[in-house]
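Okay, so here's the structure we're looking at.
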Amino acid sequence: MKADRLFRKIIDKIRLLSRKDRESYLLLYSILGFVPRDITLYRQAMTHSSSASGSRKLGCNERLEFLGDAVLSSVTADFLFSNFRKEREGFLTKSRSNLVCRERLNGLAIEIGIDRFVDSCGVRAQHNSYIYGNALEALIGAIYIDRGYKQCRRFLLDRVFSRLGDIEEVAKSDKNYKSRLIEWAQKNHKEVLFRVVHEEMRKDGAFFVSEAVIDGEVCGAGEGFSKRESQQKAARQALSGIDG
């Protein structure tokens, strides 16, 4: 089996040399560890909606991101189920959320070099944006269509999860600040709600400002290029005040 995989890698490298656009293939190969069959899928995965307009929106990475998110969730669930055999469902659910949270995905995407490919497609990340993490999910969607579930799983285990270090420690960490704040409020009989106080459409996409309100008092504020991002930041600020 290992010999077959080694042989395929050698063949892939030979094929790379004959490509007209081998620079793009070489960059993708350094990220993926294999040569893509349909490079247009991967280019689409790296195309943010801010670089498309009108009917061209169908050519951006949002649909692939939707698919990749589902595949990522499935692979992560499979991975946790196999590696934490004595843990209950609640632990597995929370651990999955911790492993694939936006902040962590964005960092992992940069580590494996997705930022270089996104930038080469003419899109640059803005502040407060998880554009690279979203592109990673879209990339997973592209791999799924191009190579299937097994290749997605291999890519995630070999290229992504392997960078996390102590998986158990990461799984038990909790960066879902909104969930943590809601849990704290329930335990302390507090009323917590999140509200969007500002929303605008910028050149690079929608922009939101949200507040975390506890018992009628604003305890945190956050901004971002999605409601979820702005609310997570508002919740983190609120939690820092509580912990402090």
Please sort by residue number the GluC sites (Glu not before Pro) in the range 139-218 whose DSSP state is loop and whose Cβ has at most 16 other Cβ atoms within 10 Å. Glu191
Among the chymotrypsin sites (Phe, Trp or Tyr not before Pro) within the range 149-244, which fall in a DSSP loop and have no more than 10 other Cβ atoms within 10 Å of their own Cβ? none
Expected output is a single nm value to one decimal: the length gained when fully extending between Ser82 and Asp158, i.e. 0.36 nm times separation in residues minus the C-alpha distance. What is it? 25.8 nm
Total Lys pairs in the range 177-243 closer than 20 Å by alpha-carbon, pairs eight or more apart in sequence or interchain only? 6
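The numbers here are math on the coordinates, done by the rules we state, and not lab data. Quantities reported herein were computed from a predicted structural model and do not represent experimental measurements. All Cβ positions, glycine included, derive from the backbone under ideal geometry; neighbour counts span all protein chains shown.
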